[in-house]
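One structure, as structure tokens, below. Some questions next.
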Amino acid sequence: MAKYIMFDLDGTLIDGVDDILFAMNGLLAAHDHAPLIRHDIEAMLGDGTWMLTKRAFAARGQTPDDTTLDGLNVDFNTRYGETNYADTRLYENAENVLRDLKADGWTIALASNKPEAPCKAILQKLGISDLFTVIAGGDSFDVKKPDGRFLRHVLDQLGHTPDSNDIALMVGDHANDVNAARAAGIHAIAVALEVSDGRALSLGADAVITDYRDLINAVERIISKDKISSRPT
């Protein structure tokens, strides 16, 4: 049985909000808008940088057309890259768990709605890019999460066969992650790593973890349930 596990990035493996906030506030200031605070940005994440830019300007009473937003999004991503992700960090125990999964034979992929280039740069900067067989971002395919085809594209690249006994999991903190997993016909694990974040508890995932040290046990429970449910009666 081959084992495949995909991870979201922001809010799942990393806290990168401060760098995103810095870049977005720089963009807003360039257009004479007041800055946002961290809580504002956190509520806007999950659907890629184009939607983030749209939501940020909407929060300041501006609704640019799509062509204008295209340009603003390019500007934001340039500013974001210029942060060099200086204040982006892995969640506690995430790296150790990723390395344990790799050692246990899991094939690991990233499946984020953030553009592919910063995904790769961040994983490289954090020293864990070697653990990922595939790194897919929101511009890697013609669809994004919650569309299940996004995850299916990633799984195809990994060599997953839908009709086999292979196990496939998606780990994320957002409804987009769980809904994409459901649409792709695979299991979902939700992470709730911030004490004040109750979203993940109500996403309908197969399991919810609040500490990365619990992830491997959650994965094993899902596999065990699969084995029991697949036994002939």
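The values are calculated or read from the model by the stated rules, or taken from the named source; none is laboratory data. All of these numbers come straight from a predicted model, not from anything done at the bench. Ideal geometry is used to build each Cβ from the backbone, glycine not excepted, and the neighbour counts take in all protein chains shown. The protein model used for the area step is the full one, side chains on, heavy atoms only, and it has no ligands, DNA or RNA in it. Shrake-Rupley method; radii C 1.70, N 1.55, O 1.52, S 1.80 Å.
Can you list the aspartates and glutamates whose alpha carbon is less than 12 Å from that of K125, not counting same-chain residues fewer than 8 positions off?
D87
Sorting check: for 186-192, 157-163, which peptide has the highest mean count of neighbouring beta carbons within 10 Å, and how do the rest follow?
Top of the packing list down: 186-192, 157-163.
Still on this model: Around L131, what is the net charge, scoring Lys/Arg as +1 and Asp/Glu as -1 over all other residues with Cβ under 13 Å from its Cβ?
Taking every Cβ under 13 Å from that of L131, the sum is -1.
Within the chain, what whole-number % of the accessible surface is contributed by carbon and sulfur, with the 1.4 Å probe and all protein chains included in the calculation?
Carbon-and-sulfur percentage of accessible area, whole number: 48.
What per residue convex hull volume, in Å³, do the alpha-carbon atoms of region 44-86 yield?
So the per-residue Cα hull volume is 71 Å³.
Next question. Do any chymotrypsin sites (Phe, Trp or Tyr not before Pro) in region 116-155 lie in a DSSP loop with no more than 14 other beta carbon atoms within 10 Å, and if so, which?
Passing sites in region 116-155 do not exist.
Just order 53-65, 207-219 by mean Cβ neighbour count inside 10 Å, highest at the front, would you?
Packing proxy ranking, top to bottom: 207-219, 53-65.
A further question follows. So what's the chain giving for Rg/Rh, alpha carbon basis, Kirkwood Rh from the mean inverse pair distance?
Rg/Rh: 0.99.
Here's another thing I want to ask about it. Summing +1 for each Lys or Arg and -1 for each Asp or Glu, what net charge is found among the other residues whose Cβ lies under 14 Å from the Cβ of P64?
That sum, taken over residues with Cβ under 14 Å, equals -2.
Here is a further query. Over region 139-182, what portion of Cα pair distances is larger than 14 Å, expressed as a whole percent?
Above the 14 Å cut-off, region 139-182 has 48 percent of its Cα pairs.
For region 1-151, report the accessible area per residue in Å² (1.4 Å probe, heavy atoms, rounded to an integer). Don't skip to the end; give the middle numbers.
Working: 6580 Å² over 151 residues.
So region 1-151 comes to 44 Å² accessible per residue, rounded to a whole number.
Which value at 222 nm does the chain reach when only helices count, each DSSP H run of 4 or more adding -39,500 (n - 2.57), with the total divided by all residues and rounded to the nearest 500 deg cm²/dmol?
-14000 deg cm²/dmol
Arrange the peptides 8-18, 108-118 so that the one whose residues have, on average, the most other Cβ atoms within 10 Å appears first.
108-118, 8-18
On to the next question. To the nearest 0.05, how large is the calculated FRET efficiency for D104 and A58 if R₀ is 35 Å and r is the Cβ-Cβ distance?
The value I calculate is 0.20.
Within region 2-98, which GluC sites (Glu not before Pro) sit in a loop by DSSP and count at most 15 neighbouring Cβ atoms inside 10 Å?
Filter output for region 2-98: E92.
Tally Lys/Arg at +1 and Asp/Glu at -1 over every other residue whose Cβ is under 11 Å from the Cβ of D40; what's the total?
Every neighbour counted, the sum reads +2.
Over 24 Å between Cα atoms: which of K3/K225; K120/K144; K144/K225 fall into that group?
Beyond 24 Å: K144/K225.
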